[in-house]
Amino acid sequence: MGRTAGSTAEGTRQRILDAATELFEQRGFAGTSIRDLAVRVGMTKAALYYHFPSKEEVLQALLTPFLDDIDRVIAATAAGQWTRAELVRRLITQMNERGEFLNSVLSDPSVKHAMFERLGMANRVASLLRVLAGSDDPVALLRGRCAMGALMAGLLHHEHDDSDVRPRHLLLSPDEQNVICSAVLAVLEGNTTRTEPPVVV
């Protein structure tokens, strides 16, 4: 059976997104042009514009599934279906799996300028903070902000080697993920002696 026009278009979109992921990781968002992307995929700029009207649209398509998943977990936690520990563990897992890409785009100032409002990041960050804090108490909110800082610092770390001046993200081992989970939960609970993360099945 031959491919339909829809399936062909979807396959082309995915090839563009795969190429964009590689280029954004290697060169950053600002350092990648539509021409670079078209060359990598093997098509003209006009053909690429048919699928994505702008570079920002490409980045939005890459980030939206990840952000939508986080939104669902935040909503489930707010509804009492997930614990805060489960939320933290899911955030760590999701961000670690996309670490190289997230590290590249989130460290690029042009991304915040281009995408922060487009993706509704202010509301998303506020929702995450409220769920982590567990209340509107000023001390709880402060702990929530500190916990978010610990989470980002632990996950979006930078490593260098002698052959590459660009920072790169290394996937965290399960033990390293446990350390981050313990640190975040310790901040949220006001417990600086926590050493073991809760077991999340």
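The values are calculated or read from the model by the stated rules, or taken from the named source; none is laboratory data. Please read these numbers as outputs of a predicted model, since none were measured by experiment. No Cβ is skipped: glycine too gets one built from the backbone with ideal geometry, and neighbour counts run over all protein chains shown.
Please specify each residue of the range 137-160 satisfying the condition of being at pLDDT below 90 and either of a type in the set (D, E, K, R) or outside any helix (DSSP H, G or I) (or both). Result: LEU156, HIS157, HIS158, GLU159, HIS160.
Taking the range 102-113 as the range and being crowded, with 19+ Cβ neighbours inside 10 Å and not hydroxyl-bearing (Ser, Thr, Tyr) as the test, the residues that pass are LEU102, ASN103, VAL105, ASP108, VAL111. Among the residues examined, GLU10 does not qualify as assigned by TED's automatic domain parsing to the domain that holds LEU155, more than 24 Å from HIS113 (Cβ to Cβ) and of a type in the set (Asp, Glu). The one condition from (1) farther than 24 Å from LEU67 by Cβ; (2) modelled with pLDDT under 90; (3) touching a Ser or Thr at 6+ places or on another chain (Cβ under 8 Å) that SER182 does not meet is (2). Please identify the pairs in which a residue from the range 13-33 that is touching a residue at least 24 places away in the same chain (Cβ under 8 Å) has its Cβ atom under 7 Å from the Cβ atom of a residue that is surrounded by fewer than 19 Cβ atoms within 10 Å (Cβ to Cβ) and among the hydroxyl-bearing types (Ser, Thr, Tyr), counting only partners at least 6 apart or on another chain. Every condition considered, the pairs that remain are PHE29/SER110; ALA30/SER110.
Residues in the range 98-132 that are modelled with pLDDT of 85 or more and closer than 23 Å to ALA183 by Cβ: ARG124, VAL125, ALA126, SER127, LEU128, LEU129, ARG130, VAL131, LEU132. Out of VAL88, VAL105, VAL41, one residue alone is in contact (Cβ under 8 Å) with a residue 24 or more places away in the chain and not assigned by TED's automatic domain parsing to the domain that holds ASN178. It is VAL41.
Does the range 34-44 include one or more residues that are modelled with pLDDT under 95, in a helix (DSSP H, G or I), among the basic types (Lys, Arg) and surrounded by fewer than 18 Cβ atoms within 10 Å (Cβ to Cβ)? Checked the range 34-44: no residue is modelled with pLDDT under 95, in a helix (DSSP H, G or I), among the basic types (Lys, Arg) and surrounded by fewer than 18 Cβ atoms within 10 Å (Cβ to Cβ).
Residues in the range 74-120 that are over 15 Å from VAL184 (Cβ atoms), in contact with a helix residue (DSSP H, G or I) (Cβ under 7 Å, 6 or more places away or on another chain), assigned to a helix (DSSP H, G or I) and not β-branched (Val, Ile, Thr): ALA78, GLY99, GLU100, PHE101, LEU102, SER104, ALA114, MET115. PHE66 satisfies every condition listed in (1) outside any helix (DSSP H, G or I); (2) of a type in the set (Phe, Trp, Tyr); (3) in contact (Cβ under 8 Å) with a residue 24 or more places away in the chain except (1).
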